[in-house]
Structure formats: structure tokens, C-alpha cells
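Chemist: Before we start, here is the structure in question, set down as C-alpha cells.
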Amino acid sequence: MSTGVEITSSEEPVVNAASIPRRRTPILVCLLALAMVAVAGCGGGSTDEPGGVDISSGSRHLDLVAYATPKLGFDHIIPAFRATPEGHDIGFSASYGASGDQSRKVARHVPADVVNFSVEPDITRLVKAGLVDKDWKTQAPYNSTPFGSVVALVVRKGNPKNIHDWNDLLRPGVQVVTPNPGSSGSAKWNLLAPYAAMSNGGQNSQAGLDYVAELVRDHVRVVPKSGREATTAFEQGQGDVLISYENEAIMLDRANATAAPSAQVEYVIPPQTFKIENPVAVVNTSDDLPAARAFVNYLFTDEAQYIWAQQGFRPVVPAVAAATANLFPGDIEKLWTIKELGKVLGQGTAADNDGVDLTGWKAVDSALFGTKGAITKIYDAGGVQ
């Protein structure tokens, strides 16, 4: 009997799902209630779990290819979308994995209608391949970023290593878990946070690189491929600190009620951290572009934004972000962004870029994570500069 689950060549589960168009209700409290009902009624929300909701049925079909972390959110978003008139007859297959790996698969023409990656360069790869429109960022609100997060530090219950800020990770004996930036978008965010904090937003780049080098050389002992694999490794007892998305930290913290005492955790938001922005795009070779766009549009509705918030992801719609601010504790003194870091790192690059300085992710990726990027070199050399 079919379960609606397929396995890709890399043995990543492919889950089926469906989509819905934009709807708005003027009363925020009413929307929060609707979102809570949708979440409560969706259970696990995917057919890779016993008794999960069937998200594959429908006369129309979409393939969602996403990075690993938002699976918990999509498990609730997709059934809620299917419950709307616009999405009731749309079935989904969903594949989750390391962001860079997922992007490269789509570039090799693995079936995809909608993509959601950890970092913008993973969508840029598809623009270069002719699979995503050049103006993809303007095709949906908020630069086509439906949710986000901030970089957090997950520690063992009681915080036995007394971890509160980035310098605490460099104390003798502290072992850190963070993914490989070569395959994982979350790893890039994880490293950008301390890099920005230590370099004053790139103004003293060497200070930021010195920190990353010491972290990698002396403290990173586990280097999983994706953010989700990093979370699993930490849950299994590896490391003292997990650098992660805040939503992953929230998920782990919520699991304490059913976890063994030795597996319980808490999390810390450093005073200086980084704003995580996870973009979505429609693949222009989709066989059902109207359905794909309807699904993407739904992600920005107030109803969907409340669902994202309930699953630990920070909403981007200002009214919903304000109404759910209590779900995201922490006193952030400085929240660095790709825009401001890219402006600094892109200075002086015009000569090699048609007379215009690089900005945003283009500048950051070129300086730090590209094949010749400074952090890439640090990882390749095992933390030796």
C-alpha cells in the first residue's frame, strides 16, 4: 500500500503536499485563532509519519524543493493551504535537504515547481541556469522571503558551560556543532553572526576571520551537511553548543517536556546576532505556474504568517510580527543584516564587476563563501589561515 512517500537518489524523503491563495482577515486575533486551529488539526502534517495527513491527492501537482529546516513549518502550511478553495485540488511532493545540495539538484533538472532555500545564492544558481526568472525577488512581497529567523546558541539544560556570547565558544574545552558551509546555507548564517559581531559588520574583516579560524580549528568537531543534521547530532549528545536557527532552538526547547533529562536543552540569543532571510521562488519550467504562484502567495497571507510564527519562524508581515513578538524572547542589541554587511564587503569591487560595487549576498558570497572566499579557505585548511 502506497504511503505517498518517495526516496530520492540521496535517500532524502520526499513528502507530498498541497497549496492555497492569499486570503486576509482584518482582525488579527481571529487570524491567530484560525492558525491555531489549522496547526492543531494538521498533526504531523506529512505522509512520512504514521497517521500523517495525506498531502498528495489532487488533479494538479506541485513539487516543492526546500532546505531541511522549514519542514516542520511546511508540514502545517501545506495542509492549511489545501484547506482553502484555491489549494484544495493541488497535491504536492516535497523534498528537504541541505540548501546547497537541493539547489544543485534543481539546477540538474530534478523536478521542481517551487523552491525555498536557506540563502539567496542558492536561488541565484537557478537564475543562471535559466530556471528562475531574474526578477524573482519582486514577484512576491518582502523580496520573496516569507519567513526568517536569527542565529541562536543551543546549550545543554542549565547551561553548564555558561555560554552567553560568541567569545564563550572559544573557551578551552567547549565543543561546537555547526554544519558545513559548502553544503548548508544555515552554516553560512551561523558563521556570519560571529563574523559580523567580531568585525563590526565587516569593518575589521581580519578580526572576524581570526574568530572563525579559531572556532573551526579548535572547537568545531562535528560538521554535518545540513542544519537539520546538525540538530540531530546535538540531540544525540554531540557537542556542548549548537549554532543554529532560532526556530530550531525553539523546537528543541519545546521537546524538553518529553525528552530525557540528559537530552534537555535551552537556548541563548547573543547580544549581537544575524537576521536570517530564507527566500522562495517559482521555477519557470513548472507545468502549473498558476498553482505554483498561488502557493507562494499564500505563504505571505496573515493566516500563513501566524502558522509560521507558531512553528518558531519569525513572520515578515509587520502586523503579524508585532502580534507574535512574545513568541520570540531575547534582547538583541544589534541585528546584523546581509544588506549592511554586503555594502561593506563590496566596497572596491567595481573594477572586477562592470564598474559597479557588489552588494548584498553577491558581495558576501564573493568575499567569504565562494570558491576563493576567505571562510571557504579557512574550512579547506582546517582552520589554519
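Chemist: Given the residues Ala325, Ala321, which is the only one that is under 18 Å from Phe147 (Cβ atoms), out of contact with any helix residue (DSSP H, G or I) (no Cβ under 6 Å at 6 or more places or on another chain), among the hydrophobic types (A, V, I, L, M, F, W, C) and exposed (fewer than 14 other Cβ atoms within 10 Å of the Cβ)? So that I can check it myself, show each step before the final result.
Modeler: Working: Ala321 fails: exposed (fewer than 14 other Cβ atoms within 10 Å of the Cβ).
Residue meeting the stated conditions: Ala325.
Chemist: Also, I was wondering about something else. Got at least one residue in the stretch 345-353 being outside any helix (DSSP H, G or I) and within 18 Å of the chain's Cα centre (by Cα)?
Modeler: Checked against the condition, which is being outside any helix (DSSP H, G or I) and within 18 Å of the chain's Cα centre (by Cα), the stretch 345-353 yields no hits at all.
Conditions tested, residue by residue: (1) touching a strand residue (DSSP E or B) at 6+ places or on another chain (Cβ under 7 Å); (2) closer than 29 Å to Ala260 by Cβ; (3) among the polar types (S, T, N, Q).
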{"position": "Trp189", "(1), (2), (3)": "yes, no, no"}
{"position": "Tyr195", "(1), (2), (3)": "no, no, no"}
{"position": "Gly201", "(1), (2), (3)": "yes, no, no"}
{"position": "Asp218", "(1), (2), (3)": "no, no, no"}
{"position": "Lys225", "(1), (2), (3)": "no, yes, no"}
{"position": "Glu235", "(1), (2), (3)": "no, yes, no"}
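Chemist: Scanning for something over 19 Å from the mean Cα position of the chain (by Cα) and among the basic types (Lys, Arg), does the stretch 286-293 turn up at least one residue?
Modeler: Yes, the conditions are met somewhere in the stretch 286-293.
Chemist: Can you name the condition, by its number, that Pro224 falls short on among (1) open to solvent by 10 Å² or more (accessible area, probe 1.4 Å); (2) in contact (Cβ under 8 Å) with a residue 12 or more places away in the chain; (3) under 22 Å from Ala381 (Cα atoms); (4) part of a helix (DSSP H, G or I)?
Modeler: Going through the list (1) open to solvent by 10 Å² or more (accessible area, probe 1.4 Å); (2) in contact (Cβ under 8 Å) with a residue 12 or more places away in the chain; (3) under 22 Å from Ala381 (Cα atoms); (4) part of a helix (DSSP H, G or I), Pro224 breaks only (4).
Chemist: Let me ask something else about it. What about Asn167, is it open to solvent by 60 Å² or more (accessible area, probe 1.4 Å), part of a loop (DSSP other than H, G, I, E, B) and farther than 21 Å from Phe295 by Cβ?
Modeler: Considered against the rule, which asks whether it is open to solvent by 60 Å² or more (accessible area, probe 1.4 Å), part of a loop (DSSP other than H, G, I, E, B) and farther than 21 Å from Phe295 by Cβ, Asn167 comes out as no.
Chemist: Please go through the stretch 266-290 and give me each residue that is open to solvent by 20 Å² or more (accessible area, probe 1.4 Å) and in a loop (DSSP other than H, G, I, E, B), ordered by number.
Modeler: If the condition is that a residue be open to solvent by 20 Å² or more (accessible area, probe 1.4 Å) and in a loop (DSSP other than H, G, I, E, B), then Ile269, Pro271, Asn284, Thr285, Asp287, Asp288 are the ones that fit.
Chemist: Touching an Asp or Glu at 6+ places or on another chain (Cβ under 9 Å) and either in contact (Cβ under 8 Å) with a residue 60 or more places away in the chain or open to solvent by 50 Å² or more (accessible area, probe 1.4 Å) (or both) - does that describe any residue in the stretch 344-358? Write out each step before concluding.
Modeler: The first filter runs over the stretch 344-358 and keeps only residues touching an Asp or Glu at 6+ places or on another chain (Cβ under 9 Å), leaving 346-350, 358.
Filter again for either in contact (Cβ under 8 Å) with a residue 60 or more places away in the chain or open to solvent by 50 Å² or more (accessible area, probe 1.4 Å) (or both), leaving 347-348.
Taking every residue of the stretch 344-358 in turn, at least one turns out to be touching an Asp or Glu at 6+ places or on another chain (Cβ under 9 Å) and either in contact (Cβ under 8 Å) with a residue 60 or more places away in the chain or open to solvent by 50 Å² or more (accessible area, probe 1.4 Å) (or both).
Chemist: Continuing with the same structure: Can you find a residue in the stretch 303-313 that is out of contact with any strand residue (DSSP E or B) (no Cβ under 6 Å at 6 or more places or on another chain), under 25 Å from Arg60 (Cβ atoms) and open to solvent by 10 Å² or more (accessible area, probe 1.4 Å)?
Modeler: Looking through the stretch 303-313, at least one residue is out of contact with any strand residue (DSSP E or B) (no Cβ under 6 Å at 6 or more places or on another chain), under 25 Å from Arg60 (Cβ atoms) and open to solvent by 10 Å² or more (accessible area, probe 1.4 Å).
Chemist: Report yes if some residue within the stretch 324-340 is among the acidic types (Asp, Glu), more than 27 Å from Lys128 (Cα to Cα) and in a helix (DSSP H, G or I); otherwise report no.
Modeler: Of the stretch 324-340, the ones among the acidic types (Asp, Glu) are 331, 333, 340.
Going one step further and asking which of them are more than 27 Å from Lys128 (Cα to Cα), we end up with 331, 333.
After this cut, where a residue has to be in a helix (DSSP H, G or I) as well, the list is none.
No, the stretch 324-340 has no match at all.
Chemist: Another one. Among the listed residues Ala263, Ala259, Ala294, identify the single one that is open to solvent by 10 Å² or more (accessible area, probe 1.4 Å) and within 18 Å of Ala66 (Cα to Cα).
Modeler: Values: Ala263 fails: within 18 Å of Ala66 (Cα to Cα); Ala259 fails: within 18 Å of Ala66 (Cα to Cα).
Every option except Ala294 fails the conditions.
Chemist: What is the residue count in the stretch 241-256 for residues that are surrounded by fewer than 21 Cβ atoms within 10 Å (Cβ to Cβ), over 10 Å from Val154 (Cβ atoms) and not hydrophobic (A, V, I, L, M, F, W, C)?
Modeler: Total meeting the criteria: 2.
Chemist: Please name all residue pairs, on different chains or six or more residues apart, with Cβ atoms under 8 Å, provided the first residue is in the stretch 199-212 and is β-branched (Val, Ile, Thr) and the second residue is open to solvent by less than 10 Å² (accessible area, probe 1.4 Å).
Modeler: Every condition considered, the pairs that remain are Val212/Leu191; Val212/Pro194; Val212/Tyr195; Val212/Ile375; Val212/Ile378.
Chemist: Report, by residue number, each residue of the stretch 52-111 that is free of Cβ contacts under 8 Å to residues at least 40 places away in the same chain, among the aliphatic types (A, V, I, L, M) and either open to solvent by less than 20 Å² (accessible area, probe 1.4 Å) or in a loop (DSSP other than H, G, I, E, B) (or both).
Modeler: Within the stretch 52-111, Val53 is the sole residue that qualifies.
Chemist: I'm trying to understand the selection: among the residues of the stretch 112-164, which are more than 29 Å from Thr301 (Cα to Cα), among the polar types (S, T, N, Q) and open to solvent by 60 Å² or more (accessible area, probe 1.4 Å)? First the steps, then the outcome.
Modeler: The initial filter retains those residues of the stretch 112-164 that are more than 29 Å from Thr301 (Cα to Cα), namely 128-129, 153-164.
Keeping just the survivors that are among the polar types (S, T, N, Q) gives 159, 162.
Within the stretch 112-164, just Asn162 meets the criteria.
Chemist: Let me ask something additional. Check off (1) assigned to a helix (DSSP H, G or I); (2) modelled with pLDDT of 95 or more; (3) of a type outside the set (A, V, I, L, M) for Ser262 and give me the number that stays unchecked.
Modeler: Every condition holds for Ser262 apart from (2).
Chemist: While we're here: List, please: which pairs have Cβ atoms under 7 Å, are six or more places apart or on different chains, and start with a residue in the stretch 136-148 that is at negative phi and end with one that is of a type outside the set (S, T, N, Q) and open to solvent by 70 Å² or more (accessible area, probe 1.4 Å)?
Modeler: Partner pairs satisfying both residue conditions: Gly148/Lys275.
Chemist: While we're on this one: Determine, yes or no, whether Val177 is among the β-branched types (Val, Ile, Thr), more than 30 Å from Phe300 (Cβ to Cβ), surrounded by 15 or more Cβ atoms within 10 Å (Cβ to Cβ) and touching a helix residue (DSSP H, G or I) at 6+ places or on another chain (Cβ under 7 Å).
Modeler: Yes, satisfied.
The values are calculated or read from the model by the stated rules, or taken from the named source; none is laboratory data. Everything numeric here is computed off the predicted structure, so don't read it as measured data. No Cβ is skipped: glycine too gets one built from the backbone with ideal geometry, and neighbour counts run over all protein chains shown. Protein only, heavy atoms only, side chains kept; ligands, DNA and RNA dropped before computing areas. Shrake-Rupley method; radii C 1.70, N 1.55, O 1.52, S 1.80 Å.
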